[in-house]
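The values are calculated or read from the model by the stated rules, or taken from the named source; none is laboratory data. From a predicted model like this one, the values you see are computed outputs, not experimental measurements. All Cβ positions, even for glycine, are placed from backbone atoms using ideal geometry, and neighbour counts span all protein chains on display. Calculation scope for accessible area: heavy atoms of the full protein, side chains included, ligands and nucleic acids excluded. Shrake-Rupley method; radii C 1.70, N 1.55, O 1.52, S 1.80 Å.
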Amino acid sequence: MAAAAAALGREGGEDAFRRLFRFYRRRDASELRGVLDFSAPGGQVFRSHLSISSVSDQDASRAGLQPVSRWKAYGLNGYPGFIFIRNPFLPGCQRHWVKQCLKLYTQKPNVCNLDLHMAPEKTIDLWGQSKEQLRRKGSSKCEPRSLLEKLRWVTLGYHYNWDTKKYTPNHHTPFPSDLAFLSEQVAAACGFQGFQAQAGILNYYHFDSSLGIHVDESELDHSRPLLSFSFGQSSIFLLGGLKREEAPTAMFMHSGDIMVMSGFSRLLHHAVPRVLPNPEGTALPSCLDQALPSDLPAGSVIEQSSEEDWQVCAKYLQSSRINMTIRQVLAEGQNFPEESGTDLKGQAPSEDGYHQENGRAKRHKANTDS
């Protein structure tokens, strides 16, 4: 399978990334033996050295993470600056971030795809409008989707403009403090002390969703890493080169996994061609089975969830994946250029912002009708 995919990528020499994107999107899950799995690393994979002394065990615990000395972090030959961390979360702590992504971060003043074509009063409380419908939901595909199931993206902090591909100083809301703390600990462990979480794009995927080929280059400071957190069902992630003519490497991302793209790898093409059921064959990955312990450490940013709230989250995740990408937009002391001050918020995303469903590319603003 790996050899066939590589040959396909080389064929014709033009846009090898697009051909492999289509290849992996169409493959049956049982035919994906060539996809790199960090649970059984080998070949081009090597262990990454982390900055263990940069994050105290107490701060890691406050963020819901294991001590950094226990993290399993890997790099890839040919991709300097890329770090893959296999689920470093403490038992039960993934549940906090799932709940935040569905219940808290979807609230105003944060921005979501539903704002593009719905009245403001309709998107104030997506959780409240969806939880009963999700709780009652069966397995029938004929049932109407709740607003949370129609959600495709949420932006935090400096709100990304999908049309201009820019951030602007006058389209900004406070960045969530708990997510900022988590991001700071992960960045510090990877050697990036002083990382500031200034913008976030949360993507919400279903089994029929994908994310098109793109480069995250809109941030004004490319010396700081891009952090990516995944929860729920698994996915295939494609990491390519500086040009789309370079064939990408395919890898699995499972619930709790973290990717860090920095240095040379910070500006590489990447995509998510498909979402897959978790490989354990259960409705949810086993790492989501455990509830939070009752004795959270002092100063923890992790909050207890009610069983009622978690049941709503669990129902959602049975067919979905959530990904949080966190960025530092500006270097310390850096300002936006004057010409970027125009606020064009609420535009539809460009081609690189596409989700795809059922093999067809759709703009985010149309996804709520699917």
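Return yes or no: is PRO277 surrounded by fewer than 18 Cβ atoms within 10 Å (Cβ to Cβ) and either hydrophobic (A, V, I, L, M, F, W, C) or under 26 Å from TRP71 (Cα atoms) (or both)? In short, yes. When restricted to residues that are hydrophobic (A, V, I, L, M, F, W, C) and part of a loop (DSSP other than H, G, I, E, B), the stretch 264-302 contains 9. Select from the stretch 75-91 the residues that are out of contact with any helix residue (DSSP H, G or I) (no Cβ under 9 Å at 6 or more places or on another chain) and open to solvent by less than 20 Å² (accessible area, probe 1.4 Å) and write down the one among them that is farthest from PRO297 (Cα to Cα). Only one residue tops the list, namely GLY75. Of all residues in the stretch 119-159, those being closer than 30 Å to GLU219 by Cβ, among the hydrophobic types (A, V, I, L, M, F, W, C) and open to solvent by less than 50 Å² (accessible area, probe 1.4 Å) number 8.
Being farther than 28 Å from ALA314 by Cα and either touching an Asp or Glu at 6+ places or on another chain (Cβ under 6 Å) or hydrophobic (A, V, I, L, M, F, W, C) (or both) narrows it down to one residue among VAL35, VAL45; which is it?
Checking each option against the conditions leaves just VAL45.
Scanning the stretch 288-297 for residues that are touching a residue at least 40 places away in the same chain (Cβ under 8 Å) and open to solvent by 50 Å² or more (accessible area, probe 1.4 Å) turns up GLN290, ALA291, PRO293.
At least 1 residues being of a type in the set (Gly, Ala, Ser) and on the phi > 0 side of the Ramachandran plot is the threshold, and among the strands (runs of 3 or more DSSP E) wholly inside the stretch 219-258 those reaching it are 226-232.
Might you let me know whether the stretch 160-181 holds any residue that is polar (S, T, N, Q), crowded, with 22+ Cβ neighbours inside 10 Å, under 24 Å from LEU242 (Cα atoms) and at pLDDT below 95? First the steps, then the outcome.
So the first thing to find is which residues in the stretch 160-181 are polar (S, T, N, Q), and the list is 161, 164, 168, 170, 173, 177.
Narrowing further to those that are crowded, with 22+ Cβ neighbours inside 10 Å: 161.
Subset that is under 24 Å from LEU242 (Cα atoms): 161.
Add one more test, that the residue is at pLDDT below 95, and what stays is 161.
Yes, the stretch 160-181 contains a residue that is polar (S, T, N, Q), crowded, with 22+ Cβ neighbours inside 10 Å, under 24 Å from LEU242 (Cα atoms) and at pLDDT below 95.
Need the failing condition index for ARG266 against (1) over 24 Å from PHE23 (Cα atoms); (2) open to solvent by 60 Å² or more (accessible area, probe 1.4 Å); (3) of a type in the set (D, E, K, R), just the number. ARG266 satisfies every listed condition except (2). Just one of the numbered conditions (1) touching a helix residue (DSSP H, G or I) at 6+ places or on another chain (Cβ under 8 Å); (2) within 26 Å of GLN185 (Cα to Cα) is not true of GLN129: (2). Looking across the stretch 303-339, the residues that are open to solvent by less than 10 Å² (accessible area, probe 1.4 Å) and in a loop (DSSP other than H, G, I, E, B) come down to GLN328, VAL329.
For LYS72, the requirement of being touching a helix residue (DSSP H, G or I) at 6+ places or on another chain (Cβ under 9 Å), surrounded by fewer than 23 Cβ atoms within 10 Å (Cβ to Cβ) and among the basic types (Lys, Arg) is not met.
Please work out which residue is surrounded by the fewest Cβ atoms within 10 Å (Cβ to Cβ), limiting yourself to the stretch 182-218 and to residues that are charged (D, E, K, R) and under 26 Å from LEU20 (Cβ atoms). If you could, list the steps in order and put the result at the bottom.
Within the stretch 182-218, the first condition is being charged (D, E, K, R), and the residues that meet it are 184, 208, 216-217.
Next, from what is left, pick out any that are under 26 Å from LEU20 (Cβ atoms): 208, 216-217.
On the way: ASP208: 15, ASP216: 20, GLU217: 10.
Ranking the candidates gives GLU217 first.
Would you say LEU227 is touching a Leu at 6+ places or on another chain (Cβ under 8 Å), crowded, with 23+ Cβ neighbours inside 10 Å, aliphatic (A, V, I, L, M) and at pLDDT 95 or above? Explain how you work it out, then say what you get.
Values: touching a Leu at 6+ places or on another chain (Cβ under 8 Å): no; crowded, with 23+ Cβ neighbours inside 10 Å: yes; aliphatic (A, V, I, L, M): yes; at pLDDT 95 or above: yes.
The answer is no for LEU227.
If I ask for residues that are under 14 Å from the mean Cα position of the chain (by Cα) and either more than 26 Å from LEU330 (Cβ to Cβ) or surrounded by fewer than 22 Cβ atoms within 10 Å (Cβ to Cβ) (or both), which ones from the stretch 240-260 would you list?
Step one: list which residues in the stretch 240-260 are under 14 Å from the mean Cα position of the chain (by Cα), which gives 252-260.
Result: PHE252, MET253, HIS254, SER255, GLY256, ASP257.
Pairs linking a residue in the stretch 36-47 that is more than 9 Å from ASN77 (Cα to Cα) and modelled with pLDDT of 90 or more to a residue that is among the hydroxyl-bearing types (Ser, Thr, Tyr) and open to solvent by less than 70 Å² (accessible area, probe 1.4 Å), with Cβ atoms under 8 Å and 6 or more positions apart or on different chains, are LEU36/THR249; PHE38/TYR74; ARG47/TYR74.
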